[in-house]
Amino acid sequence: MITIIDYGLGNLRSVQKAFEHLGHKVFLTSKKEDITDADHLVLPGVGAFGAGMRNLHQYGLVEAIQEYLASDRPFLGICLGLQLLFTESEESFAGERPKGLGFFRGTVRRFPEKVKVPQIGWNSLKEVRDHPILHGISDGDYFYFVHSYHAPPEVDEVTLAKAEYGLSYPAIVGRGKVCALQFHPEKSSRLGLKILDNFASMKA
């Protein structure tokens, strides 16, 4: 069962339909007890980092997600869901730097001024480290991105694949069974579905 966190942000239905297309059962929830009991958890999202964390706090989900992450069960962050796993963001919210879930150490940063933001469209990956989430994915494969910020980790060993847009940045990060994608697999055709299927196939 794939449990998708509904915290009021993101394209939940398209992620849900992508997993269902692959034949997986999907459950959407805003309840912390469902997160605690999940065996495959997905945190999607689009929009501002601060708004995402505000909503997670308002729904009372932060502690449950952090406990799930610490258990090393399969977890997938998508787009904003990747960025929220980091320590903080330089994107000001209510006049402050918002704090994230803190699973990965690092500050989410805006792309440099020399490139147009947001990055919208297809971009290729460069695999850095082998991981089950990348099974069947090759260097140079293209995926669909929409984002203005990137998430450089303090510890580069968590970077599984990179992309280039004004600089080299992590497109996939992971540690253990916790993985996150800066791109949208549900919008990335056959290869995006392959990554979702790889995640669903990970043992809890």
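None of the figures in this text is laboratory data; all of them are computed from the coordinates on show. Just so we're clear, the structure is a prediction, and the values are computed from it rather than from any experiment. A quick note on method: Cβ atoms are made from the backbone with ideal geometry, for glycine too, and the neighbour counts reach across all protein chains shown.
Summary of values
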read-out	value
Partner lysines for K116 [C-alpha distance under 23 Å; skip if fewer than 8 residues away on the same chain]	K126, K162, K187
The range 186-199 - phi-based ³J(HN,Hα) in whole Hz, Karplus 6.51/-1.76/1.60, Gly and Pro as x	5, 10, 10, 6, 4, 6, x, 5, 4, 5, 4, 5, 4, 5
Reduced Cα scattering model of the chain, Debye log10 I(q)/I(0), q = 0.08, 0.09, 0.14, 0.18 Å⁻¹	-0.23, -0.29, -0.74, -1.31
Two-decimal ratio, the range 120-204, of alpha-carbon radius of gyration to 2.2 N^0.38 Å	1.00
Eligible aspartates and glutamates near K25 by straight Cα distance, threshold 18 Å, same-chain separation 8 or greater	D6, D34, D37, D39, E186, D197
Span from the the range 190-204 Cα centroid across to the the range 1-64 one, whole angstrom	16
Geometric extent, Cα atoms of the range 60-107 - Rg, Dmax (angstrom)	11.2, 35
Fraction of beta bridges assigned by DSSP in the chain that are antiparallel (%, nearest 5)	60
Computed P(r) (all Cα pairs; the range 31-114; 10 Å bins; percent)	17, 53, 24, 5, 1
Assigned charges on the beta-carbon of Lys, Arg, Asp, Glu; the chain dipole about Cα centre (debye)	360
Rounded FRET efficiency, nearest 0.05, which uses the C-beta distance separating V46 from S71 and R0 of 25 Å	0.40
The chain: relative contact order in percent, alpha carbon pairs under 8 Å with at least 6 residues between	20
